[in-house]
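Asker: Following this message is one structure expressed as structure tokens.
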Amino acid sequence: MNLPSDYDENGFPKDPEGKRSWQDHEDYVRLTREVEVESRQDYCLLTALRNQEKLDFTAKFWINSPPMLEVM
């Protein structure tokens, strides 16, 4: 997990890799919205992607989960 000092005053990552990852996520959300609007979807994926609390929970869950068994 990152320290608060890893982020600027607006809550964005300071390091270049973090900035790129953040921008990639924002681009994905924007493209998802465009596709859901064009296809008249229910916006479930967009709603999930925009919910930072749920995204944080998911990240913490996967970080703390035991490794998955490899499929042979």
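The values are calculated or read from the model by the stated rules, or taken from the named source; none is laboratory data. Computed from a prediction, not measured in an experiment: that's the story for all the values here. Cβ sites come from the backbone with ideal geometry, for glycine too, and all protein chains shown count toward neighbours.
Asker: Which residues, taken from the stretch 35-59, are charged (D, E, K, R) and surrounded by 11 or more Cβ atoms within 10 Å (Cβ to Cβ)?
Answerer: Listed by number, the residues that qualify are E36, R50, K54, D56.
Asker: Let me ask something additional. Checking the conditions here, which among G11, G18 is among the small types (G, A, S) and either touching a residue at least 12 places away in the same chain (Cβ under 8 Å) or touching a Gly at 6+ places or on another chain (Cβ under 9 Å) (or both)?
Answerer: After ruling out the rest, the residue left standing is G18.
Asker: Taking the stretch 1-21, which residues are over 22 Å from T58 (Cα atoms) and of a type outside the set (S, T, N, Q)? Talk me through it step by step, then tell me what you get.
Answerer: Of all residues in the stretch 1-21, those over 22 Å from T58 (Cα atoms) come to 5, 8-10, 14-16.
If the condition is that a residue be over 22 Å from T58 (Cα atoms) and of a type outside the set (S, T, N, Q), then D8, E9, K14, D15, P16 are the ones that fit.
Asker: Then there is this: Only residues in the stretch 51-72 that are under 22 Å from E26 (Cα atoms) and part of a helix (DSSP H, G or I) count as the first member; pair them with residues that are of a type in the set (A, V, I, L, M) and at pLDDT 80 or above, Cβ under 9 angstrom, at least 6 apart or cross-chain, and list the lot.
Answerer: K54/A48; L55/A48; L55/L49
Asker: Right, something else. Residue by residue through the stretch 1-51, note down the ones that are of a type in the set (G, A, S) and within 16 Å of the chain's Cα centre (by Cα).
Answerer: G11, G18, S21, A48
Asker: If you go through the stretch 21-43 one residue at a time, how many are assigned to a loop (DSSP other than H, G, I, E, B) and either touching a His at 6+ places or on another chain (Cβ under 8 Å) or of a type in the set (S, T, N, Q) (or both)? So that I can check it myself, show each step before the final result.
Answerer: Of the residues in the stretch 21-43, the ones assigned to a loop (DSSP other than H, G, I, E, B) are 39-43.
Now narrow it down to the ones that are either touching a His at 6+ places or on another chain (Cβ under 8 Å) or of a type in the set (S, T, N, Q) (or both): 39, 41.
So the count comes out to 2.
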